[in-house]
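Below is one structure, written out as structure tokens, with a few remarks after it.
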Amino acid sequence: MSLLSFRAFHHLTRALGRSVRFCALAGLVVLALAPSVHAEPVDDALAAFAADGFDDTQKGIDILVSSGHDSAEAILAALSAGKLMVRNDDKALFIEGKAGAFTDARTGASASVDAAKLKVVRLNNRLRRSVQAALGAVTLQAPSPARRIAAARAVQRSRDPAALPAVDAALARETDNGARAALQTARAAIIVAAKDAPEAERIAAVELIAAEANPDAAALLRSVQADAPQALRTAAEEGIAGIERSLAFWNAMQNVTYGISLGSVLLLAAIGLAITFGVMGVINMAHGEMVMIGAYTTYVVQDLIRDHAPQLFGSSLFFAIPLAFLVSGAVGVAIERGVIRFLYGRPLETLLATWGISLILQQAVRTIFGPSNREVGTPDWMSGAFQLGGLSLTYNRVAIVIFAMLVFAALLLVLKKTTLGLQVRAVTQNRRMASSMGIRTDFVDAMTFGLGSGVAGIAGVALSQIDNVSPNLGQGYIIDSFMVVVFGGVGNLWGTLVGALTLGVANKFLEPYAGAVLGKIILLVAIILFIQKRPRGLFALKGRAVEA
Amino acid sequence: MLSTFAKAAKGISTFAAAALVAGSVTAASAQETIKVGVLHSLSGTMAISETTLKDVMLMLIDEQNKKGGLLGKKLEAVVVDPASNWPLFAEKARELIAQENVAAVFGCWTSVSRKSVLPVFKELNSILFYPVQYEGEESEKNVFYTGAAPNQQAIPAVDYLEKEEGVERWVLAGTDYVYPRTTNKILEAYLKGKGVKDEDIMINYTPFGHSDWQTIVSDIKKFGSSGKKTAVVSTINGDANVPFYKELANQGVKATDIPVVAFSVGEEELAGIDTGPLVGHLAAWNYFQSIDTPANEAFIKEWQAYTKNSERVTNDPMEAHVIGFNMWVKAVEKAGTTDTDKVIDAIVGIKVPNLTGGTSEMLPNHHITKPVFIGEVNAEGQFDVVWNTDDLVPGDAWSDFLEGSKDLEADWVSKKCGNFNTKTGKCGGQAS
């Protein structure tokens, strides 16, 4: 209690110490508070929120927490979510509910107000931290254990000594094991930092925290002041050393997962090229633009779904995948029929022509959709991260790894198990023989190029989740794609897989030491040297097909 | 030859000029116009940012013509596309000045494009208005810098983080080219001058268009877990920002834990991101669309009407063009001519209202006075202003925190010099 009032006093002096403008504001608040001296503290808090200055809001939060009023939780939650509104003319406060419904913040009764006159009570990062801590303190006794755990975590992050009594009270009543552990950690976090706590208790707290082997715990232990008692400092240092030992192992694991994730992005970008360049031998500089078209297809699909069937948004990507395949594939067939078929066997001309096509496609997209980035939303199930041991994995990266492997497997099946795949292999290995056997080589060429382009379009759907959807999207991947295909071995899908993953992991192990720029340079030099030694890449094709 | 003739014609009184033109141009009915060059990339990597600026210029010129033009003549925009290709910028600048005889050019975005056109503007003596925040360390007779110098953006932002957020550890992350490198050099010197230790500063550069931020974001997280409050100062430019912010959001780096303050992320860049998880991250600019003034409201309305898109956002470099264009118009009116030297002399000291309620002035060092705003990203993809300077800050061409630069001063009025050394009392050259 004394701590709280001290904090309020501190904020008041700080506000007064600022500028004349703030003094005037503070004066206004005092005036506004004056008539309600006999009213409940919650009214004072609401008046402070209504003033909508950052220092006033801080004061309001402090008052509200210490008031212990029933509506405190609802008001704080609304403030935190940006749903606490103040009416311009009479400074009355309202909480915005679902679908434009409003309730009076003071009474909780539903109210009908003109939304145009309302303004959100603003927060900055300092206030946001303070609201979350306050919210944690008031929700510590919430009915559901999950919410109690979340509240305990919020308190743990804030390390606010004022919350200690609330934590103790909650601990005394806690029955759920998970929530109990979270509360104890939260309590330890406060005690470690509290100078006036008994030394033995602080050391016990350090040991409790050291058991949580994560960077946050290490951060907490490092914050033990240099003037702390010797025994406490030793305990903290031991704790940090222990945490770092276990983190070193997980760091290496983390690098591998990052590498696999980067590798699967490279694989997705390159796998279409492995068909058009690797199997057909067309140097297709417009490959990146096929990826871009796939990403824009995703954007259009999401846009339509948002407008017409918002409930399907979570599955928008599943609609986008086949459509992106069809759109990019169709563009690919058009390019093959329109330009490339006249240039078979003339790699230089093909290179120049497809480069020109890539510029045309970029500018066309720029004209249609505008030059700025388009927002492609991430469905809820792909946002956020989860912990696996000491690894922190983000859902979207995991989804992309799985997706890349599925695409790879599907493509392999198409080439090995279908008639089209058989014909493709026949035509690329010996065109005239295949033609003599009655295979329509023209048709097969067009379909193969369409297949490669369509797969690139599918890659675009995945890349729209992690990169910009802009006309330049494809340019960033074209060099990497060629690198992967050449490194892995032209004409071999497995080579592309191994090449992509090798490059990804190598890149991620180099990056922490050499930096992103130098890391990339080292990798390029390594590939140049490798190609000198093995001009045909990792998995070189053998046999007559090579000479053809 | 042609340009000298045109210049001479413009220098003489309007009557004589009209007579000369009538004599040289056979078609007397052709109405004379004042040409204004627009040098922004409409294709290539930078098109994403620069196309908008071209549209703003067309709108401003359109408007000025509706008001009756300038010196009784209509303005005519000459738009060229340097295609994000730095040498092409120089070629296109030459084309604008020598062939099209433009009175002034509004253009460039990246520092490297500005450096590439500088010799052309010096040689042919024309005027460039450069609207983007940049690294400073430059002041040229032919260039007017309407964007922020480091003391109008980077330094106040760092001060804000230190005072308001209590930041003690700094990550300086940038794209690997001249603007981030120079800005970070200035910031590093500034922070060390304040007693920040080496181990509390982490500097990281990434290539243009970097898209895999997993390692760097997790490094930042690790760097931030030392127990001291950590912030990221981001000079990451262009396309790389979207994947960077997406990765921050995915790895759960919240603004309340490690705030990121960006110097190159504005409303346009946020348009491509879901800002829900980014609420609270910061940006430092001299203008935000959310600033509530009558002038800004009118500008936004006009812009959305002009582009026929009620969702189009406005941003800082757009405001810089508005200020620059209005200053140029006033200077031409004051000088009574579009002659380069006369306009350069007339424009210093010109004051025009900016869109945030203040009045910006062109200074003798060819930079302008600007207010500084710190904004936090909100869920609508806009910025809420959380701090601003009480007064306008004069742009400083030469940083006070770098050796060799702190003794230099730019003054094109009394000293006729862009790098006057106050120690040696001579124009030109770095400090000894």
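Descriptive notes on the structure:
- Alpha-carbon centroid distance for the pair region A:122-153 / region A:35-114, whole angstrom: 17 Å
- Put in order of Cβ neighbour count within 10 Å, fewest first, the listed residues B:Trp86, B:Trp387, B:Trp109 become B:Trp86, B:Trp387, B:Trp109.
- Here region A:451-517 is treated as a Stokes sphere of Kirkwood radius computed over C-alpha pairs; at 25 °C and 0.890 mPa s its diffusion coefficient rounds to 184 µm²/s.
- Ellipticity estimate at 222 nm from DSSP helix runs (n ≥ 4, -39,500 (n - 2.57)) divided over chain B, nearest 500: -11000 deg cm²/dmol
- Which of B:Asp396, A:Asp196 has the fewest Cβ neighbours within 10 Å, and the rest in rising order: A:Asp196, B:Asp396
- Each residue of region B:72-164 gets 128 Å³ once the volume of the Cα convex hull is shared out per residue.
- Peptide A:364-373 has a mean of 5 when you count, residue by residue, the C-beta atoms of other protein chains within 10 Å of its C-beta.
- The alpha carbon centroids of region B:245-262 and region B:46-92 are separated by 37 Å.
- Sorted by Cβ neighbour density within 10 Å, fewest at the top, the residues B:Cys108, B:Cys427, B:Cys417: B:Cys427, B:Cys417, B:Cys108
- Zero-based 10 Å bins, Cα pair distances in chain A, whole percents: 3, 14, 18, 17, 16, 14, 10, 5, 2, 0, 0
- Computed over the alpha-carbon atoms, region A:364-474 gives an Rg to Rh ratio of 1.14, Rh here being the Kirkwood radius from the mean inverse distance.
- Euclidean distance between Cα centres, region A:207-258 to region A:314-375, Å: 51 Å
- Estimated 222 nm signal from helices in chain A, with DSSP H stretches of n ≥ 4 weighted -39500 (n - 2.57), rounded to 500: -23000 deg cm²/dmol
- Pairs exceeding a 18 Å alpha-carbon distance, out of B:Lys185/B:Lys406; B:Lys115/B:Lys330; B:Lys163/B:Lys192; A:Lys520/B:Lys221: B:Lys115/B:Lys330; A:Lys520/B:Lys221.
- Bridgeable aspartates and glutamates around B:Lys222 (alpha carbons under 16 Å apart, same-chain partners fewer than 8 residues away excluded): A:Glu212, A:Asp216, A:Glu244, A:Glu511, B:Glu168, B:Glu199, B:Asp200, B:Glu247, B:Asp257.
- Relative contact order for chain A: 14 percent, from Cα pairs under 8 Å spaced at least 6 residues apart, divided by residue count.
- Normalised alpha carbon radius of gyration of region B:237-355 [divisor 2.2 N^0.38 Å]: 1.37
- Listed as lacking a disulfide-compatible partner in chain B: B:Cys108, by the criterion of no other cysteine Cβ under 4.7 Å.
- DSSP-defined beta bridges in chain B - what % are antiparallel, rounded to 5: 40 percent
- Straight Cα distances below 19 angstrom link A:Lys195 to the aspartates and glutamates A:Asp160, A:Asp168, A:Glu207, A:Asp227, A:Glu237, with same-chain residues fewer than 8 positions distant left out.
- Percent antiparallel among DSSP beta bridges (both partners in the protein assembly as shown, rounded to 5): 50 percent
- Normalised alpha carbon radius of gyration of chain B [divisor 2.2 N^0.38 Å]: 1.01
- Mean Cβ neighbour count within 10 Å, used as a protection proxy, ranking B:315-321, A:106-112, B:173-179 highest first: B:315-321, B:173-179, A:106-112
- Here the scattering of region A:250-547 is modelled by Debye summation over its C-alpha atoms, one equal scatterer each and no solvent; at q = 0.09, 0.11, 0.14 Å⁻¹ the log10 of I(q)/I(0) is -0.44, -0.66, -1.07.
- Cα gyration tensor of the protein assembly as shown - equivalent ellipsoid semi-axes, whole Å, descending: 48, 44, 27
- Bridgeable lysines around A:Lys98 (alpha carbons under 20 Å apart, same-chain partners fewer than 8 residues away excluded): A:Lys83, A:Lys117, A:Lys119.
- Neighbourhood net charge (15 Å Cβ-Cβ; Lys/Arg +1, Asp/Glu -1) for A:Lys119: -4
- Listed cross-link partners B:Lys194/B:Lys416; B:Lys35/B:Lys122; B:Lys66/B:Lys308; A:Lys416/A:Lys533; B:Lys301/B:Lys351 are compared with a 27 Å cut-off, the Cα-Cα value being larger for B:Lys194/B:Lys416; A:Lys416/A:Lys533.
- The alpha carbon convex hull volume per residue for region B:289-432 rounds to 141 Å³.
- Using a cutoff of 8 angstrom between alpha carbon atoms and counting only pairs six or more residues apart, the relative contact order for region A:148-228 works out to 28 percent.
- Across peptide B:239-251, the average count of Cβ atoms from other chains found within 10 Å of a residue's Cβ is 5.
Just so you know, all these numbers are worked out from the coordinates, no wet-lab data involved. The model shown is predicted, which means the values in this text are computed figures rather than measured ones. Virtual Cβ from ideal backbone geometry, glycine too; neighbours counted across all protein chains shown.
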